[in-house]
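Readers should treat all values here as calculations from the given coordinates under stated rules, not as data from a laboratory. Note that the structure is predicted; figures quoted are calculated from it, not measured. So basically every Cβ, Gly included, is an ideal-geometry build from the backbone, and we count neighbours across all protein chains shown.
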């Protein structure tokens, strides 16, 4: 049967546009601006990347409110939900490029933006993938792009060390994931997520086979490395600290959105029927029990380790580990409400983290570093960016009326309603609330350096207008998602009704 190449190119129009933009960025840097000043090169090629990213919105916009498109025998599926999250990836990539244009990314400017765009292509493919091999390939395209970007400060030992650790842990996680997926294929004879679900249903009364249980375990371990949950988190603090700050923002946002999205599909579609139970006193083997234990460990270790950090990027790295634990609470609920709460929270989390790292990137290059003391008295030197940082940090802490508060509330509510009669997941929710209170301590310490401690340097810091506007829009979005989350929730529910409802049995 001939492959409908035109339909494939049409369904993946945004990915094609970004690939062509990456080639244009490389060519432009090679033939036109290689001899220009570094700042001119960065802004010229960065503007090209932004134009390409905005152009990629057009094919996605045309796919809205259209019937789902199944490509290559179910390997890739383009529906309203996947299109929406591809737009989220594009938005995150645009902000990352704008942050990078004001940051010293080294002398390989064209390569930097090209690899960043290739990473966005990998994330978007990951969102559409519904087949094991395709998921693995898309995940590796994303991961390899991030390994390269992490090492972009070749002259800094810290960046080299971070890249090596990230690559080594990433290679190990890929081995675990591929090993687990091979066992899943061996147990079910299928690689499509929906075919795996159907095979699991046929043997539902016989219990989980040892082969399938092993595949499930190793698959969760592989994804655990990608989303940096305990005990698979060891790469995150070093990678976050050593990578160029815009790259850290990209790792902490775009890759997390795509990874959590595909993990949600793998669990709710492929492993439907293998949930088990994480209810207090009624534990039974399955992926909800594994995720519940992992969530508890991540919230405790992430928040407790963040307390003793003196580097802002390391603090935010441990904070991201804790937030991965919060997101797992929504996954453990294993309901449509739980799925929607996870989708909502990863959007809020990505915007908040992107804004926080954007402020760090803008100020650290002018303040002499990213240690906490480098930001002493920053509220007087850069009042606007300090205000944005206040919004982002308080949102991460879950303070109302910001987006982080409502996102956590929705996650916890989904877990409580999973067993509203006996409150079987209440133990996990109580732990999440308690650890959120613990996190407030180190977030306030960070804000203390911005607003209370007076620094030695009082000269004002001037940042580009486009960067201030970009970060201001992100801060506005974080506030809007907390004050009035109804439109985005209705949008997610309308998109996911026919999709997510089919995931949850």
- Percent RCO, i.e. relative contact order, over the stretch 331-412, from Cα pairs under 8 Å lying at least 6 residues apart: 34 percent
- Message: At R0 = 25 Å, how high is the FRET efficiency between residue 201 and residue 282 if r is their beta carbon distance? Nearest 0.05 is fine.
- Response: 0.65
- Message: Please give the Cα centre distance for the stretch 153-173 versus the stretch 432-469, rounded to the nearest Å.
- Response: 28 Å
- Item | Added length on full extension, which subtracts the Cα-Cα distance from 0.36 nm per residue, residue 438 to residue 307 | 46.3 nm
- For peptides 193-199, 458-464, sequence by mean Cβ density within 10 Å, most packed first: 193-199, 458-464
- Cβ crowding within 10 Å averaged over residues, with 57-65, 273-281 ranked highest first: 273-281, 57-65
- Message: Using Cβ counts within 10 Å as a stand-in for footprinting exposure, how do 203, 19, 142 rank, fewest first?
- Response: 203, 19, 142
- Hey, how many Å between the Cα centroid of the stretch 320-392 and the Cα centroid of the stretch 265-311? 22 Å
- Taking 158, 418 and counting other C-beta atoms within 10 Å, the order from fewest to most: 158, 418
- Going fewest to most other Cβ atoms within 10 Å around each Cβ, 328, 423 line up as 423, 328
- Which one, (1) 21.9, 71; (2) 25.4, 92; (3) 36.8, 118, gives Rg and Dmax of the Cα atoms in Å as derived from the coordinates shown? (1)
- Message: I'd like to compare 392-403, 161-172, 251-262: which one has the highest average count of other Cβ atoms within 10 Å, and what's the full order after that?
- Response: 251-262, 392-403, 161-172
- Message: I need the calculated FRET efficiency for the pair residue 161 and residue 182, taking r as the beta carbon distance and R₀ as 35 Å, to the nearest 0.05.
- Response: 0.65
- Note on the structure: the chain: relative contact order from alpha carbon pairs under 8 Å, six or more residues apart, as a whole percent, is 14 percent
- Modelled label reach - residue 58, point 7 Å along Cα→Cβ, the stretch 68-93 residues with backbone N closer than 18 Å: 87, 90-91
- Using 7 Å Cα-to-Cβ label points, what is the residue 445/residue 31 separation (nm, one decimal)? 5.4 nm
